[in-house]
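The values are calculated or read from the model by the stated rules, or taken from the named source; none is laboratory data. None of the values given here were measured: they were computed from a predicted structure. When we count neighbours, we look across all protein chains shown, and the Cβ atoms used for this are built from the backbone with ideal geometry, even at glycine.
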Amino acid sequence: MSRSHMLRQLEEVALWDIVIIGGGATGLGAAVDAASRGYKTLLLEQSDFAKGTSSRSTKLVHGGVRYLAQGNVKLVREALRERGLMLKNAPHVCHNISFIIPSFHWWQKWYYSIGLSAYDLLAGKLSLGRTTLLSKRNTLERMPTLVSRKLNGGVQYKDGQFDDARLAVNLAQTAETYGGVLLNYCKVTSLTKTGTRLSGLVARDLVSGSEFNIRCKTIVNATGIFTDSVMRLDETEHEPIVSLSQGVHIVIDKKHFPGHTALMIPKTDDNRVLFAVPWHDKIVVGTTDTPVGETSLDPVPLQEEIDFIIQHINRYLSTEIQSADIRSVYAGLRPLVRIKGTNITSILPRDHTTIVSKGGMVTITGGKWTTYRSMGKHAIDKAVANCGLEKKTCITESIKIHGYSHEADQNDPLFIYGSDAAGIRNLMETDPSFSGLLHPGLPYTRAEVVWATTNEMALTVDDILARRTRALFLDAAASIEAAPLVASLMAPLLGKNSAWQMEQVSEFSAIAKNYLMH
Ligand SMILES: Cc1cc2nc3c(=O)[nH]c(=O)nc-3n(C[C@H](O)[C@H](O)[C@H](O)COP(=O)(O)OP(=O)(O)OC[C@H]3O[C@@H](n4cnc5c(N)ncnc54)[C@H](O)[C@@H]3O)c2cc1C
């Protein structure tokens, strides 16, 4: 993917079929769908792909055991089907993983195993494996640091896990393969109308400052927590439809929770679930559900959210986690569809909603990462029906996502790149210095910076350390120390000078300081 190539196409095409605003899971899913059906497709993202909510998830590809307990069978069935498709079509970024719910009362094992067996059944042919009951000894073998007092065993079930920001980049690349044009750092600033119908939009390239007047047949608004502000560009009197809820995760070293199995705590003090999930050789623990009023691309975790997570995880571990054990802490904002009369975000549904405005813009919001493909399909179906484009069949169920590879070795540090790993290895062979690590505490090489800058449209140090690699999420202090090296590797590739490098390091450090424990 090359940004200059994308910009050239933006200038050359006089009329787009579909323009998608927002380059998170939902917008990228819509872009893959629209481009693969053969529509002239443009996606515009104001920051980097997945900079918003889509890089800050719990990293689960799941039906949502919690939603089953709430009786939302329709959402769970759809998500389980999508889970199966994600694991089939993107096996380099999504895989299955075992979860254990520990049991401390005689009835718990049976109670949870009945619920989880229903979860397996709903997955049908796409089930990842059967739920099993474990003895106390088997539970502790899989989770040696689990508290053993009063433990009487556990229930083991299978679900999916992924790397959210890596999948986002791969979706952009997939859309490009089908002729889609996707631009990061390009913000939609206004919408244009012919009569009462929307007929285009104005976007600003935040890199060059240039403004583009873009004509199109239809617009999809997939802007997550920014949904209402884009709807207001269309209808100034628009009533907000999105409530924001913040979710925080802490990341700790694997020594505190060794093994390959994830822990699911089925009931927190605020009646939700909490996970501790092995991810890239660390453990991600979360999450919280805190109503917030302000949108932000860099939300900041609250101390009480961090305390809540530490308190809950410590009830289940034989060793105590302290603040000093936290390598990174990150926050994300859920775009939840509002229900009048409540501001308790944890009870708001996780289903998605589509709305077509009088001017013809299709807004899609809510949902989950796991349902990105079906959300993309719904949005494009609506957009096509609404603007009179010729109907074409959706083919995304069987599209292999960029990087697809079934042969890759899971122990290969470049496994996540799938078929692109060969290109990165090639860089290391051409210049052996590229095999050097960015930092002794991070599993990433210099070659990955070069690769992401030349092939994955990374433009800033934050793009590299937060989303092309996941350094910031794995170890915030190490990523701050790696920033100058990353800037120096990127600068010659982007034609930038030393002042740019200094600016980048300082901008990244300002972002990253919110991932550090104080
Ligand atoms: C804490 C947390 C944990 C979660 N865990 C999971 C999980 O484990 N599994 C799961 O399936 N789901 C999970 N989710 C849900 C999932 O992450 C979200 O549903 C999904 O990422 C939302 O994607 P989106 O594309 O709608 O929004 P976003 O990712 O926020 O994308 C919207 C994009 O629109 C862009 N934009 C806004 N305005 C403009 C404009 N004017 N011009 C151009 N671009 C614009 C923004 O910059 C942003 O990048 C979790 C969510 C949270 C918050």
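Failed condition for residue 80, given (1) buried (at least 24 other Cβ atoms within 10 Å of the Cβ); (2) more than 9 Å from the ligand (Cβ to nearest atom); (3) in the same structural domain as residue 188 (by TED's automatic domain parsing), with all others met?
Just one mismatch for residue 80, condition (3).
Please determine whether any residue of the stretch 503-510 is without any contact (Cβ under 8 Å) to a residue 24 or more places away in the chain, charged (D, E, K, R) and outside the structural domain of residue 248 (by TED's automatic domain parsing). Write out each step before concluding.
The initial filter retains those residues of the stretch 503-510 that are without any contact (Cβ under 8 Å) to a residue 24 or more places away in the chain, namely 503, 506, 510.
In the following step, the residues that additionally are charged (D, E, K, R) were identified as 503.
Subsequent filtering for residues that are outside the structural domain of residue 248 (by TED's automatic domain parsing) retains 503.
Yes, there is a match, as at least one residue in the stretch 503-510 is without any contact (Cβ under 8 Å) to a residue 24 or more places away in the chain, charged (D, E, K, R) and outside the structural domain of residue 248 (by TED's automatic domain parsing).
Somewhere in the stretch 96-106, is a residue within 16 Å of the ligand (Cβ to nearest atom) and at pLDDT below 95?
Looking for residues that are within 16 Å of the ligand (Cβ to nearest atom) and at pLDDT below 95, one finds at least one in the stretch 96-106, hence yes.
Do we find a residue being away from the ligand (no atom under 12 Å from the Cβ), under 24 Å from the mean Cα position of the chain (by Cα) and outside any strand (DSSP E or B) anywhere in the stretch 179-194? Steps first, answer last, please.
Keep residues of the stretch 179-194 that are away from the ligand (no atom under 12 Å from the Cβ), which gives 179-181, 192-194.
So of that shortlist, the ones also under 24 Å from the mean Cα position of the chain (by Cα) come out as 179-181.
So of that shortlist, the ones also outside any strand (DSSP E or B) come out as 179-180.
Within the stretch 179-194, one or more residues are away from the ligand (no atom under 12 Å from the Cβ), under 24 Å from the mean Cα position of the chain (by Cα) and outside any strand (DSSP E or B).
Identify the residue in the stretch 261-295 that is of a type in the set (Gly, Ala, Ser) and free of Cβ contacts under 8 Å to residues at least 60 places away in the same chain and, among all such residues, is surrounded by the fewest Cβ atoms within 10 Å (Cβ to Cβ).
Going residue by residue through the stretch 261-295, those that are of a type in the set (Gly, Ala, Ser) are 262, 276, 286, 293.
Okay, now just the ones that are also free of Cβ contacts under 8 Å to residues at least 60 places away in the same chain, so 276, 293.
Details: 276: 27, 293: 7.
Checking each candidate, the answer is 293.
I need the full set of residues from the stretch 226-254 which are more than 16 Å from the ligand (Cβ to nearest atom) and either assigned to a strand (DSSP E or B) or in contact with a helix residue (DSSP H, G or I) (Cβ under 9 Å, 6 or more places away or on another chain) (or both), in order please.
Restricting attention to the stretch 226-254, the residues satisfying the condition of being more than 16 Å from the ligand (Cβ to nearest atom) are 237, 239, 252-254.
Scanning the stretch 226-254 gives 239, 252, 253.
Scan the stretch 72-84 residue by residue and report those that are assigned to a loop (DSSP other than H, G, I, E, B) and either closer than 30 Å to residue 146 by Cα or touching a strand residue (DSSP E or B) at 6+ places or on another chain (Cβ under 6 Å) (or both).
Keep residues of the stretch 72-84 that are assigned to a loop (DSSP other than H, G, I, E, B), which gives 72.
Selection gives nothing.
Got a sec? Which of 263, 336 is aliphatic (A, V, I, L, M), within 16 Å of the ligand (Cβ to nearest atom), modelled with pLDDT under 95 and in a strand (DSSP E or B)? Before you say what the answer is, go through the steps one by one.
Values: 263 fails: modelled with pLDDT under 95.
Just one listed residue meets the conditions, 336.
Name the one entry in 412, 462 that is assigned to a helix (DSSP H, G or I) and of a type in the set (Asp, Glu).
Values: 412 fails: assigned to a helix (DSSP H, G or I).
The match here is 462.
So in the stretch 37-63, with the set limited to residues that are more than 8 Å from the ligand (Cβ to nearest atom) and not β-branched (Val, Ile, Thr), which one is nearest to residue 172 (Cα to Cα)? Please lay out each step first, then the result.
Here is the first cut: in the stretch 37-63, the ones more than 8 Å from the ligand (Cβ to nearest atom) are 37-43, 63.
Checking the rest, the ones that are also not β-branched (Val, Ile, Thr) come to 37-40, 42-43, 63.
Details: 37: 15, 38: 16, 39: 15, 40: 15, 42: 11, 43: 9, 63: 24 Å.
Going through the qualifying residues, I end up with 43.
Count, please, the residues in the stretch 12-40 that happen to be in contact (Cβ under 8 Å) with a residue 40 or more places away in the chain and surrounded by fewer than 19 Cβ atoms within 10 Å (Cβ to Cβ).
Initial filter on the stretch 12-40 (in contact (Cβ under 8 Å) with a residue 40 or more places away in the chain): 13-40.
Those left that are additionally surrounded by fewer than 19 Cβ atoms within 10 Å (Cβ to Cβ): 13-15, 38.
The qualifying residues number 4.
For the stretch 357-373, give me each residue that is within 11 Å of the ligand (Cβ to nearest atom) and at positive phi. If you could, list the steps in order and put the result at the bottom.
Step one: list which residues in the stretch 357-373 are within 11 Å of the ligand (Cβ to nearest atom), which gives 363-372.
Once the filter is applied, which keeps residues that are within 11 Å of the ligand (Cβ to nearest atom) and at positive phi, the stretch 357-373 yields 366, 367.
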